[in-house]
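Chemist: The structure under discussion is supplied below as structure tokens; questions concerning it will follow.
The values are calculated or read from the model by the stated rules, or taken from the named source; none is laboratory data. All values derive from a computational prediction rather than experimental measurement. Every residue, glycine among them, receives a Cβ derived from its backbone with ideal geometry; neighbour counts consider all protein chains shown.
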Amino acid sequence: MEKFVIADGTPVRYADAGKGTQVVVLLHGYLESIEVWDDFAGELGKEYRVIRVDLPGHGFSEWGDRDVIDIDYMADTVSAVLRVAGVEKCTVVGHSMGGYVALALAANHPEQVEGLVLFHSSPNADTPEKAANRQREIELIEAGKKEMLARVNPGKGFAEANLKRCSEAIEELSEQVMMTEDAAIAAVLRGMSRRLDRNDEMRGFGIPELMIFGRGDNYIPAEAAEAMAAAQPQARVAWLERSGHMGFIEQPTESLSILKEFLTTVAQGGK
């Protein structure tokens, strides 16, 4: 069931479905929306209560016309949605940008988080090179060239071997880019480029943690992913051998299996 609420002062759309007492919160990535999780959430909802949130500036959620949509603000909105939904504890699964938000939620609202999953995401802050790339995207948006993002970014998220098979999903993601307001895209890019490094906090959360990477990820190459995993020895690590940056679409069966095994660990108190 989809609902609209005022969360931390922001009108937000979220979906709440599934069964079971264990709650999983799915947070989408940059230029995505709750729809990106449709098939995955449907399968997960057979065993768990699944909440999906349109993060501020995405989908049908507002952002208060902020010049910067920072990651902590997004996390505060998710926290408010959970309170409205009556969720006391959850495992939060963040894809890409959603992983940044998941980390901020665990850091700023630890009482709400019992498990953390970074799905093709990172606890690192932007490198100067990455921040410069985001600035170039802002300049494209401000020049009225959003269609370039819609044409390039979605396909780059998939491993080359999966492009043909996932062409429908790529087209849907391209449409989502075009539907997202220009000012919101620029504000989100500014927020991501200014986010904190969360490595130290992640090592100290004291909750079950999982990092899922794709061997064919164009955004987080395998070498960089291995370095992230080495910096977080307390976290479990899983690899999707035939995926790029969109494993829950590219390898949904394997992704579900990995996540369900982790959720069992969370239910057992991390054992």
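Chemist: If V92 passes every condition in (1) more than 22 Å from F262 (Cβ to Cβ); (2) buried (at least 22 other Cβ atoms within 10 Å of the Cβ) but one, which one does it miss?
Modeler: Exception for V92: condition (1).
Chemist: Take the conditions in a helix (DSSP H, G or I), more than 30 Å from Q251 (Cα to Cα) and at pLDDT 95 or above and apply them to E139. Does it pass?
Modeler: Answer is yes for this residue.
Residues checked against (1) modelled with pLDDT of 95 or more; (2) more than 26 Å from E181 (Cβ to Cβ); (3) touching a Phe, Trp or Tyr at 6+ places or on another chain (Cβ under 6 Å):
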| site | (1), (2), (3) |
| --- | --- |
| T10 | no, no, no |
| Q22 | yes, yes, yes |
| D38 | yes, no, no |
| G45 | yes, yes, no |
| K89 | yes, yes, no |
| G94 | yes, no, no |
| G99 | yes, no, no |
| A102 | yes, no, no |
| V117 | yes, yes, no |
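Chemist: Something else now. Would you check which residues across segment 208-218 are assigned to a loop (DSSP other than H, G, I, E, B) and either among the charged types (D, E, K, R) or crowded, with 19+ Cβ neighbours inside 10 Å (or both) and list them?
Modeler: Across segment 208-218, the qualifying residues are P208, R215, G216, D217.
Chemist: Consider segment 37-60. How many of its residues are surrounded by fewer than 24 Cβ atoms within 10 Å (Cβ to Cβ) and part of a loop (DSSP other than H, G, I, E, B)?
Modeler: Going through segment 37-60 one residue at a time, the tally reaches 6.
Chemist: Still on this model: Examine segment 168-185 for a residue that is small (G, A, S), within 22 Å of F248 (Cβ to Cβ) and surrounded by 13 or more Cβ atoms within 10 Å (Cβ to Cβ), and state whether such a residue exists.
Modeler: Yes, the conditions are met somewhere in segment 168-185.
Chemist: Of all residues in segment 185-207, which are over 15 Å from the mean Cα position of the chain (by Cα), part of a helix (DSSP H, G or I) and within 26 Å of I141 (Cβ to Cβ)?
Modeler: I185, A186, A187, R190, S193 - these are the residues of segment 185-207 that are over 15 Å from the mean Cα position of the chain (by Cα), part of a helix (DSSP H, G or I) and within 26 Å of I141 (Cβ to Cβ).
Chemist: To continue, here is another question. Applying the selection to segment 62-107, what residues are over 17 Å from the mean Cα position of the chain (by Cα) and either hydroxyl-bearing (S, T, Y) or assigned to a helix (DSSP H, G or I) (or both)?
Modeler: Matches in segment 62-107: A80, R83, V84.
Chemist: So for segment 135-153 (the condition being touching a Gly at 6+ places or on another chain (Cβ under 9 Å), surrounded by 18 or more Cβ atoms within 10 Å (Cβ to Cβ) and not basic (K, R)), does at least one residue qualify?
Modeler: The answer is no, given that none of the residues of segment 135-153 is touching a Gly at 6+ places or on another chain (Cβ under 9 Å), surrounded by 18 or more Cβ atoms within 10 Å (Cβ to Cβ) and not basic (K, R).
Chemist: Now, a different point. Mind listing whichever residues of segment 242-264 are surrounded by fewer than 17 Cβ atoms within 10 Å (Cβ to Cβ) and in contact with a Gly (Cβ under 8 Å, 6 or more places away or on another chain)?
Modeler: R242
Chemist: Moving on to the next point. Take G115 and tell me if it is in a helix (DSSP H, G or I), surrounded by 15 or more Cβ atoms within 10 Å (Cβ to Cβ) and touching a strand residue (DSSP E or B) at 6+ places or on another chain (Cβ under 8 Å).
Modeler: In short, no.
Chemist: Consider segment 222-247. How many of its residues are part of a loop (DSSP other than H, G, I, E, B) and among the hydrophobic types (A, V, I, L, M, F, W, C)?
Modeler: Counting residues in segment 222-247 that are part of a loop (DSSP other than H, G, I, E, B) and among the hydrophobic types (A, V, I, L, M, F, W, C) gives 2.
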